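The values are calculated or read from the model by the stated rules, or taken from the named source; none is laboratory data. Given the structure is predicted, the values throughout are model-derived calculations rather than measurements. Note: ideal-geometry Cβ built from the backbone for every residue, glycine included; neighbour counts use all protein chains shown.
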Amino acid sequence: MPELRRTPLYEYHKQLGAKIVPFAGFEMPIQFTSIVEEHRWTRENVGMFDVSHMGEIIIRGPKALDFVYYITSNDPSKLEVMQVQYSALPTEKGTVVDDLLVYRLEDHFMLVVNAANIEKDYNWILSHKLEGVEIENKSYEIGEIAFQGPKAEEVLQRIVEDDLSQISYYWAKRVKILSKEMLISRTGYTGEDGFEIYADNETIKDIWGKLMEFDEVKPVGLGARDTLRLEMGYCLYGNDIDETTNLLEAGLKWITKLDKEDFIGKEALLRIQEKGLKRKRVGFVMREKRAIPRPHLKIYKDGEEIGYVTSGTFSPSLSIGIGMGYVKKEYSKKETEIDVEIRGKFEKGEIVRLPFYKEGTVRK
């Protein structure tokens, strides 16, 4: 096995007594206190996440826009400078190489990709390279903090010289923190208002240390990051989407611009749309508190197997089991009653409209 990487914030996690686990090729904190405590703290105050394991791939050159337009499912030509877009890298079959954020910066694009897919994505992007495009993998030179929660703006403003209230949702800005210029964006994957901060590996340590001085801030591990995103119905690559799931059945048509002139996978996706979907990603809640769904469990309707769970957990905000999965299209409607096979027993659930948690402070 290749040696696990460590983020620039690894020593902080050790000092704080975090439970460290292997994740996507890195040694990462799964929790500092408890998943439920960290989850609820983020919903009420500010949770600070080390997301330095995420990848950053830079696209430059006179044909940079044309290239990003071709390799992604969304439409980057609609982005203004310093605007951010959620998108995907589709395969020729219309399935998902990865989901990602596309930043249109002053003279280049930055693609923020999932940690487990850094090398795969980089090689995929290189394999489609056009003339007039430069591609650079900066993933291991950039540290990143996600600063999430209803008090995120108020607290971060204490160390930022610029007015954070002027940064809209899914926009970015160069700001000064601790007298150094860096990039921040009003983005995140928790459903709460917040920011993502990008800096070099040394500077990110200083920012983490400074923000930890504030009482409203607690460090949060990957465990609560997962429960927070699942409460919002957000996809996790490797669970809810991958190279076996197409963008339309995954409920990602909103980031799939089939009216674009051309992009990888467009023809396949048009054919899928014309034929009609066979299955759909859905969210469901369990009836009994004891019933906690987990990935790979089977979903049934009247004794017939109709699908499987891709993500499942106990929801700290709703105090009930929640999950997402794929079911045959005819059983995907809201309020459809289902059974999930948990430890050999059928447990009752119901399909619901996403997100599960509707009280988030994310500023749209």
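Restricting to the range 313-328, name every residue that is touching a Phe, Trp or Tyr at 6+ places or on another chain (Cβ under 9 Å) and either surrounded by 24 or more Cβ atoms within 10 Å (Cβ to Cβ) or within 18 Å of residue 240 (Cβ to Cβ) (or both). The answer is 315, 321, 322, 323, 324, 325, 326, 327. Of the candidates 37, 56, the single residue that is of a type in the set (Asp, Glu) and touching a Ser or Thr at 6+ places or on another chain (Cβ under 8 Å) is 56.
Note on the range 92-113: among residues that are in contact with a helix residue (DSSP H, G or I) (Cβ under 8 Å, 6 or more places away or on another chain) and of a type outside the set (D, E, K, R), the one that is farthest from residue 257 (Cα to Cα) is 108.
If you take the residues in the range 91-112 that are in contact with a Leu (Cβ under 7 Å, 6 or more places away or on another chain) and under 22 Å from residue 132 (Cα atoms), which one is surrounded by the most Cβ atoms within 10 Å (Cβ to Cβ)?
If we take residues in the range 91-112 being in contact with a Leu (Cβ under 7 Å, 6 or more places away or on another chain) and under 22 Å from residue 132 (Cα atoms), then 111 is surrounded by the most Cβ atoms within 10 Å (Cβ to Cβ).
Does the range 209-219 contain any residue that is free of Cβ contacts under 8 Å to residues at least 40 places away in the same chain and part of a loop (DSSP other than H, G, I, E, B)? The answer is yes, given that some residue of the range 209-219 is free of Cβ contacts under 8 Å to residues at least 40 places away in the same chain and part of a loop (DSSP other than H, G, I, E, B).
Residues of the range 14-26 that are crowded, with 18+ Cβ neighbours inside 10 Å and within 20 Å of residue 55 (Cβ to Cβ): 24, 26. Do we find a residue being in a strand (DSSP E or B), touching a residue at least 60 places away in the same chain (Cβ under 8 Å) and either touching a Ser or Thr at 6+ places or on another chain (Cβ under 8 Å) or in the same structural domain as residue 63 (by TED's automatic domain parsing) (or both) anywhere in the range 173-180? Yes, the range 173-180 contains at least one residue that is in a strand (DSSP E or B), touching a residue at least 60 places away in the same chain (Cβ under 8 Å) and either touching a Ser or Thr at 6+ places or on another chain (Cβ under 8 Å) or in the same structural domain as residue 63 (by TED's automatic domain parsing) (or both). Determine if the range 213-231 includes at least one residue that is surrounded by fewer than 14 Cβ atoms within 10 Å (Cβ to Cβ) and among the hydroxyl-bearing types (Ser, Thr, Tyr). No - not one qualifying residue is present in the range 213-231.
Check residue 87 against each of (1) of a type in the set (S, T, N, Q); (2) within 27 Å of residue 269 (Cβ to Cβ); (3) in contact with a Lys or Arg (Cβ under 6 Å, 6 or more places away or on another chain) and name the one condition it does not meet. The single condition residue 87 does not satisfy is (3).
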